[in-house]
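Written out below as structure tokens is the structure these notes cover.
Since every read-out is calculated from the coordinates, none of them should be taken as a lab result. Please read all numbers here as calculations on a predicted model, not as lab measurements. Here the Cβ positions follow ideal geometry from the backbone for every residue, glycine too, while neighbour counts run over all protein chains shown.
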Amino acid sequence: MKGLKKLLKDKTLFREYVEFCKNECCVENTLFYKEYHTFKDAIYKYSNRKNQDNSISISTLIVDDQDITTLYNDSSATTSYGNSTKYSNNDNSNNISSTNNNSNFIDYSSSSQYNSKYNKINLSSILKMAQNIIEKFILPNSEYEISVDNKISKKVITTFNKYKEMDSNNSLFIEDFENSDLTSIFDDAYEEVLTNLYLNTYLKYIKKGLKD
């Protein structure tokens with residue numbers, strides 16, 4: 001597993017590995033790996049900036065290295081976030097219920113207003129990224145659905161819905177965020193994806209390299 005983690009951190013080797021996974025028809029795991037770290041980097045940047053500035057924009061949360069997305073031809077996977085979205089966690093229903101609510105639409109170009117007494121934060125940017133990952137990788141029949149245990153998928157959806165509702169009700173505070181399971185919402189899925197990469201493609205990739 002150490003060899004795989006070292007490979008994934010190397011830009012050149014990672015791109016080569018992505019191409020190998022594309023040929024093996026299992027690129028969803030490498031794409032999830034990239035988006036997972038983008039999400040974790042966003043949380044790290046948020047945590048480091050929150051005491052320096054009372055506002056944060058979506059552009060602040062995006063990591064610098066985005067060129068890897070060109071490997072996936074992923075331009076068609078853009079998601080619209082103008083609606084208030086909540087996911088069903090019922091095995092018999094995979095529908096997403098959306099309610100138009102223009103009054104709750106966030107303008108990310110302007111500064112968010114904070115409650116000075118309670119130092120409340122607006123986590124819409126983080127939740128937007130989490131929603132994107134869920135729609136791409138977690139929901140059944142999603143474009144890049146990853147193979148993870150059903151319990152993990154349910155836990156992700158339950159966690160997201162809980163904090164989405166809290167954010168809609170303006171009841172989420174800094175202390176809640178820093179100690180919340182939202183910051184680790186995809187950790188279990190990530191560990192399973194790493195295992196799948198190691199067992200299903202990495203060993204094949206290494207054997208191919210030895211033959212070449």
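Scalar couplings 3J(HN,Hα) for the range 156-170, obtained by applying the Karplus form with A = 6.51, B = -1.76, C = 1.60 to θ = phi - 60°, are 4, 5, 4, 5, 4, 4, 4, 7, 5, 5, 4, 5, 5, 8, 6 Hz; x denotes Gly and Pro. Phi angles of the range 146-153 translate, via the Karplus equation with coefficients 6.51, -1.76, 1.60 and θ = phi - 60°, into HN-Hα couplings of 8, 8, 10, 4, 4, 5, 5, 4 Hz per residue; Gly and Pro are given as x. Protection proxy ranking for 9-15, 139-145, using the average of other Cβ atoms within 10 Å per residue and placing the highest first: 139-145, 9-15. The amide H of LEU182, built 1.01 Å from its N in the peptide plane, has no neighbour under 5 Å, considering only residues 5 or more places off or on other chains. Pairs to check: LYS11/LYS151; LYS5/LYS151; LYS6/LYS164; LYS154/LYS207. Give those whose C-alpha atoms are more than 30 Å from each other in this structure. Beyond 30 Å between Cα atoms: LYS11/LYS151; LYS6/LYS164; LYS154/LYS207.
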